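A.B. asks: Okay, here's the structure, questions in a sec.
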Amino acid sequence: CYGTLSYNDKNKRTIQEIVFPNTVNQIEAASFTGMTKLRELKMPEQITKVPSYAFAKCTVLSKVTFSKNMQSIASSAFLHSNQVKTFSCPKANKTFAVKKGMLMTKSGKTLVLVPNKMKKVTIPTSVKTIKAKTFNGSQATSIVIPKSVKKIE
């Protein structure tokens, strides 16, 4: 766990993979910030929350897979991880779902995160609320917000 204060730590810039043992059930804010070689992330079943800045500035991270037990994902968890192309989440997850490539609440009523590399974003008509920082770091050139959206945090 490195945190933001040691962003310039050369050792963490060589890490390409994180394998969580089943004894780790929690990660803290900014734990893996700045891991510039980390390309893919698969969250283990026992970790249910991704805190703020946990994987911020992971500049080549392109694929994030959440577990079926994921319950909470901070909107700033992947801040400045600008290469994220895809989120995936098992259908068995009771809190989140991925629809049209975007991370939403299971009901589809709240948009949580949009992959930063997604260029054209058309928000589904099921969405009523867009969470704060949903588009943080977004490289979108087009965003279509449907009339169903009542609140943008």
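The values are calculated or read from the model by the stated rules, or taken from the named source; none is laboratory data. This structure is a prediction, so every number in the text was calculated from the model and none was measured. Counting neighbours? That spans all protein chains shown, and the Cβs are built from the backbone with ideal geometry, glycine included.
A.B. asks: So, residue 98, is that one under 13 Å from the mean Cα position of the chain (by Cα) and at pLDDT 95 or above or not?
C.D. replies: Here the answer is yes, as residue 98 does meet what is asked.
A.B. asks: Restricting attention to the stretch 108-150, which residues are farther than 18 Å from residue 87 by Cα and touching a Lys or Arg at 6+ places or on another chain (Cβ under 7 Å)?
C.D. replies: 126, 128, 129, 141, 142, 148, 149, 150
A.B. asks: Before we move on, is residue 151 without any contact (Cβ under 8 Å) to a residue 24 or more places away in the chain and basic (Lys, Arg)?
C.D. replies: Yes; evaluated as a whole, the condition is true for this residue.
A.B. asks: Could you tell me how many of the residues in the stretch 115-153 are aliphatic (A, V, I, L, M), closer than 22 Å to residue 88 by Cβ and part of a loop (DSSP other than H, G, I, E, B)?
C.D. replies: Qualifying residue count, the stretch 115-153: 4.
A.B. asks: Residue 92 - would you say it is more than 17 Å from residue 131 (Cα to Cα) and either touching a residue at least 40 places away in the same chain (Cβ under 8 Å) or outside any strand (DSSP E or B) (or both)?
C.D. replies: Here the answer is yes, as residue 92 does meet what is asked.
A.B. asks: Another question about this same structure. Which residue out of 84, 60, 112 is in contact with a Ser or Thr (Cβ under 7 Å, 6 or more places away or on another chain), closer than 26 Å to residue 150 by Cα and either assigned to a strand (DSSP E or B) or not basic (Lys, Arg) (or both)?
C.D. replies: Among 84, 60, 112, only 112 is in contact with a Ser or Thr (Cβ under 7 Å, 6 or more places away or on another chain), closer than 26 Å to residue 150 by Cα and either assigned to a strand (DSSP E or B) or not basic (Lys, Arg) (or both).
A.B. asks: Can you spot a residue in the stretch 32-40 that is over 13 Å from the mean Cα position of the chain (by Cα), over 26 Å from residue 11 (Cα atoms) and either free of Cβ contacts under 8 Å to residues at least 12 places away in the same chain or surrounded by fewer than 16 Cβ atoms within 10 Å (Cβ to Cβ) (or both)?
C.D. replies: no
A.B. asks: If you don't mind, there's one more thing I want to ask. Criterion first (at pLDDT below 95, out of contact with any helix residue (DSSP H, G or I) (no Cβ under 9 Å at 6 or more places or on another chain) and farther than 18 Å from residue 138 by Cβ) does residue 31 satisfy it?
C.D. replies: Criteria met by residue 31.
A.B. asks: Which numbered condition in (1) in contact with a Gly (Cβ under 9 Å, 6 or more places away or on another chain); (2) surrounded by fewer than 18 Cβ atoms within 10 Å (Cβ to Cβ) is the only one that residue 87 fails?
C.D. replies: So residue 87 meets the others, but not (2).
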